[in-house]
Amino acid sequence: RKEVEQDPGPFNVPEGATVAFNCTYSNSASQSFFWYRQDCRKEPKLLMSVYSSGNEDGRFTAQLNRASQYISLLIRDSKLSDSATYLCVVIIRDNYGQNFVFGPGTRLSVLP
Amino acid sequence: DVKVTQSSRYLVKRTGEKVFLECVQDMDHENMFWYRQDPGLGLRLIYFSYDVKMKEKGDIPEGYSVSREKKERFSLILESASTNQTSMYLCASSPGQASFYGYTFGSGTRLTVV
């Protein structure tokens, strides 16, 4: 079983729709969580950290459920510019320090 | 803003050549990483470094080596390039205590080995 799993998609949604991505992780020692966004042929960029209490940044809401070991990202009122691949990232502490583990990403296409 | 610079955006090399991919960051970060990204496989960690002259193998180190002689520079070396090393290579850096800051990535080097 992979350490971090995501639905690969693609998710094709119309403008204005609400879309949710889930990410599951297998290591209960995971400490910190992020969502990254990657545009086609570009590098991943940090979208938002995920806090235990949940956090919101404009149209984006991130949630963490430690008991069930999953993270979610909700995008409200989708825009064409939201089209990208969304990567879930989990930090696991090992003997060397912190190890970032990336999910394979979920591709989103927002259609006009 | 933290800037992570990779020396080449696109690179074409021949099988058997020795290839150097350079990465420089300007924010005094302790940690630096090299990944490759392939369709369907996501980001895979090749090597990482938590300090100058320190290096550790990631998940797929075979066929690669690294060098970190200075804190700001982390080089990835393909000793003898092969066609299965054709990929997008991404360098990243993070502060020593990275829990709340995530990574910053370079813009990537798309390497083609022919």
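Based on DSSP, what percent of beta bridges with both residues in the protein assembly as shown are antiparallel, to the nearest 5? The antiparallel proportion sits near 90 percent.
Once the Cα-Cα distance is subtracted from the 0.36 nm per residue extended length, the residue B:12 to residue B:82 segment shows a gain of 24.0 nm. Solvent-accessible surface of the protein assembly as shown, averaged per residue with a 1.4 angstrom probe and all protein chains in place: 49 square angstrom. For residue A:54, the residues whose modelled amide H falls within less than 5 Å of its own, excluding neighbours fewer than 5 places apart on the same chain, are A:64.
Sorted into 10 angstrom bins from 0, the C-alpha pair distances of chain A split as 15, 48, 30, 7, 1 percent. For the range A:32-75, chymotrypsin sites (Phe, Trp or Tyr not before Pro) are listed when DSSP marks them as loop and at most 13 other Cβ atoms sit within 10 Å of their Cβ; the list is A:51.
Sparsely packed loop sites in the range B:6-111 (the GluC sites (Glu not before Pro) outside DSSP H, G, I, E and B with at most 15 other Cβ atoms within 10 Å) comprise B:17, B:62, B:79. Normalised by 2.2 N^0.38 Å, where N is the number of residues, the alpha-carbon radius of gyration of the range B:11-114 equals 1.03.
Treating each Cα of the protein assembly as shown as an identical point scatterer and summing with the Debye formula, the log10 of I(q)/I(0) at q = 0.09, 0.12 Å⁻¹ comes to -0.37, -0.66. Extension gain, residue A:81 to residue A:69: 0.36 nm times the residue separation minus the Cα-Cα distance gives 1.4 nm.
Here the dipole of chain B is about 300 debye; that uses its Cα centre as origin and unit charges on the Cβ of Lys and Arg (positive) and Asp and Glu (negative). Among the cysteines of chain A, those whose beta-carbon sits 4.7 Å or more from every other cysteine beta-carbon are A:40. Taking trypsin sites (Lys or Arg not before Pro) across the range A:1-103, the ones in a DSSP loop with at most 10 further Cβ atoms lying within 10 angstrom of their Cβ are A:1, A:41. Applying a threshold of 27 Å to the alpha-carbon distances of B:13/B:55; A:45/B:55; A:2/B:53; A:2/B:57 flags A:2/B:53 as lying beyond it. As a calculated quantity, the FRET efficiency between residue A:42 and residue B:20 at R0 = 25 Å, using C-beta atoms, amounts to about 0.60.
Annotation for residue A:111 and residue A:20: the two label points, set 7 Å from Cα along the Cα-Cβ direction, are 2.2 nm apart. Only protein heavy atoms count here; under a 1.4 Å probe, residue B:26 has an accessible surface of about 90 Å².
The values are calculated or read from the model by the stated rules, or taken from the named source; none is laboratory data. Please read all numbers here as calculations on a predicted model, not as lab measurements. All Cβ positions, glycine included, derive from the backbone under ideal geometry; neighbour counts span all protein chains shown. The area values use the complete protein model at the heavy-atom level, side chains included, leaving out ligands, DNA and RNA. Shrake-Rupley method; radii C 1.70, N 1.55, O 1.52, S 1.80 Å.
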